[in-house]
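See structure below.
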Amino acid sequence: MGIRPLPEALQKVAIEELNEDPKRVEADLATFKEWILQQPHLKARMDDQFLIAFLRGCKYSLEKAKAKLDNFYSLREKYPEFLKRPNLEDSKVRELLKLGIVLYLPEPMSESGPRLVLVRNGAYDPSKVSFGELAQMRQLVSDIVMMEDDYAVVSGIIFVMDFSQVGASHLFQVSPSVMRKVSQYSEQALPLRVKASHFIDTPPGFEPVFNLIKPILPEKIQNRLFVHGGKREELFKIIPKKFLPKDYGGEGKSVQELIDYWEEKILSYMEFFKEENQYGADESKRIKEETTNQADTSLGLVGSFRKLVVD
């Protein structure tokens, strides 16, 4: 299998921000795999490129990487209506691919920068498509990104959230219970780090409600949320036009070109997603006497793959 070499600038970020030691990556992966094989309840994908996404996303903390991988599979079993990978041969799934709800943009912000993600929140008919079906489609994209996109995995992602087509019927689909489940998966299972979220073309009344909710969120998250309304120039000051699609006043590929690209990309992973059916978590086989944030006596490690070297 092996790991794909990182470009020099991106490798620098991995070393300085994620605690990656290129000389120890192979050993770190072996340690992680050893733990996975000791868990009778887990049947996990063992591809090096897949597993290193968890190590990098958790800055090489063993305990955090273990917890995220465990949640990645156990929450899928718990919330299949949101997290099951859909059948790409299904005609409705093929139709959903053509909507382009989540589109990772082709250019990172710099040679070592984060990946931009356009989310077209209202680009579907809520009378025909459930929020759960959309969530399942999003998982297809995130799985591919974890396997292929080193910029997203190492430097994180920046969301541009388009609310231009969002109506009341879209909002009614997102109950507190739904948000709690989706947030739980995003925070506790996905190794992709969100660096910022920019809300654009928001409907009247959005910002007052947003300002009421924002103080409830952790300060770290508050500082990464930005509402621009219809003021595109505010967005362009942060995200230059050259990175954004033409449809948004940018200079990049059109939304339709991006939809076509991602439709073809997802369909090229058909066998990969068929394989996903064999992976998961069986709670009946979970070892109950688990310790959290304790020494892993079998591996001789405490929360990290390596000791700090003090000069």
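The values are calculated or read from the model by the stated rules, or taken from the named source; none is laboratory data. Worth saying up front: this structure is predicted, and the values here are computed from it rather than measured. Cβ coordinates were reconstructed from backbone atoms using ideal geometry, including for glycine residues, and neighbour counts include every protein chain displayed. Surface accessibility is based on the protein's heavy atoms, side chains included, excluding ligands, DNA and RNA. Shrake-Rupley method; radii C 1.70, N 1.55, O 1.52, S 1.80 Å.
Rank these by accessible area, largest first, 1.4 Å probe: 45, 232.
Numbers: 45 5, 232 60 Å².
Descending accessible area places them as 232, 45.
Could you give the length gained by full extension between residue 21 and residue 213, i.e. 0.36 nm per residue of separation minus their alpha carbon distance, to one decimal place?
On the way: separation 192, 0.36 × 192 = 69.12 nm, distance 3.99 nm.
Stretched fully, the residue 21-residue 213 segment lengthens by 65.1 nm.
Round to the nearest 10 and give me the degree value, 0 to 90, for the angle of helix 25-37's Cα axis relative to the longest principal axis of the chain.
Between helix and principal axis, roughly 80 degrees.
Sort the stretch 15-131 into rounded, prolate or oblate with this rule: let a ≥ b ≥ c be the square roots of the eigenvalues of the Cα gyration tensor; rounded if a/c is under 1.5, and if a/c is not under 1.5, prolate when a/b is larger than b/c, oblate otherwise. Present the calculation step by step, with values, prior to reporting the outcome.
Numbers: a/c = 2.77, a/b = 1.46, b/c = 1.90.
It comes out oblate by the Cα gyration axes.
Using unit Cβ charges (K, R positive; D, E negative) and no other charged atoms, how large, in debye to the nearest 20, is the dipole of the chain about its Cα centre? Don't skip to the answer; put the middle values down first.
On the way: 44 positive and 47 negative charges, 123 e Å.
Result for the chain is approximately 600 debye, rounded to the nearest 20.
Residues with beta-carbon under 15 Å from that of residue 192, excluding residue 192: net charge, scoring Lys, Arg +1 and Asp, Glu -1? Intermediate results must be reported in sequence, preceding the final value.
Values: positive: 56, 59, 64, 68, 115, 138, 193, 195, 224; negative: 17, 143, 148, 149, 150, 187.
Cβ neighbours under 15 Å give a net charge of +3.
Return the aspartates and glutamates within reach of residue 78: Cα separation strictly under 20 angstrom, same-chain partners fewer than 8 residues apart disregarded; answer none if there are no such residues.
Of all the aspartates and glutamates, those that pass the test against residue 78 - Cα under 20 Å, at least 8 places apart if same chain - are 70, 133, 143, 187, 275, 276, 282, 283, 290.
Counting Lys and Arg as +1 and Asp and Glu as -1, what is the net charge of the other residues whose Cβ lies under 11 Å from the Cβ of residue 85? Display every interim value, and only then the final one.
Working: positive: 76, 84, 138, 274; negative: 143, 275, 276.
That works out to +1.
Which of rounded, prolate, oblate describes the stretch 150-195, given a ≥ b ≥ c as roots of the alpha-carbon gyration tensor eigenvalues and a/c under 1.5 marking rounded, otherwise prolate only if a/b is larger than b/c? Don't jump to the answer; show the numbers that get you there.
Details: a/c = 4.74, a/b = 1.53, b/c = 3.10.
It comes out oblate by the Cα gyration axes.
What is the gain in length, in nm to one decimal, between residue 87 and residue 268 on full extension, counting 0.36 nm per residue of separation less the C-alpha to C-alpha distance?
On the way: separation 181, 0.36 × 181 = 65.16 nm, distance 1.31 nm.
Length difference between fully extended and current span is 63.8 nm.
Using a 1.4 Å probe over the heavy atoms of the protein chains, calculate the carbon and sulfur portion of the accessible area of the chain as a whole percent.
On the way: 8590 of 16050 Å².
Using a 1.4 Å probe with all protein chains present, the chain comes out at 54 percent carbon and sulfur.
Give the accessible surface of the stretch 12-98 per residue, rounded to a whole number of Å², with probe radius 1.4 Å and ligands, DNA and RNA excluded.
On the way: 3830 Å² over 87 residues.
That works out to 44 Å² per residue.
With r defined as the distance between the Cβ atoms of residue 206 and residue 107 and R0 fixed at 22 Å, what FRET efficiency is calculated, to the nearest 0.05? Before the final figure, lay out each step's value.
Numbers: r = 28 Å, r/R0 = 1.29.
Between residue 206 and residue 107 the formula returns 0.20.
Per DSSP H run of at least 4 residues, take -39500 (n - 2.57); add these up for the chain, divide by its residues and hand me the 222 nm value, nearest 500 deg cm²/dmol.
On the way: 15 runs with 144 residues, N = 311.
Result for the chain, helices only: -13500 deg cm²/dmol.
Can you give the log10 of the normalised intensity I(q)/I(0) at q = 0.10 Å⁻¹, computed with Debye over equal Cα scatterers of the stretch 76-227?
-0.36
Would you calculate the separation in nanometres between label points at residue 165 and residue 34, each defined as 7 Å from the Cα along the Cα-to-beta-carbon direction?
Once both label points are built, they end up 5.1 nm from each other.
To the nearest 0.05, how large is the calculated FRET efficiency for residue 180 and residue 286 if R₀ is 30 Å and r is the Cβ-Cβ distance?
Working: r = 23 Å, r/R0 = 0.75.
It comes to 0.85.
Work through the residues other than residue 218 whose Cβ is under 13 Å from its Cβ and net out their charges, Lys, Arg +1 and Asp, Glu -1. Don't skip to the end; give the middle numbers.
Numbers: positive: 214, 220, 224; negative: 187, 219.
My count for the surroundings of residue 218 gives +1.
What FRET efficiency, computed as 1/(1 + (r/R0)^6) with R0 = 30 Å and r the Cβ-Cβ distance, is obtained for residue 231 and residue 138, rounded to the nearest 0.05?
Details: r = 27 Å, r/R0 = 0.91.
So the FRET efficiency works out to roughly 0.65.
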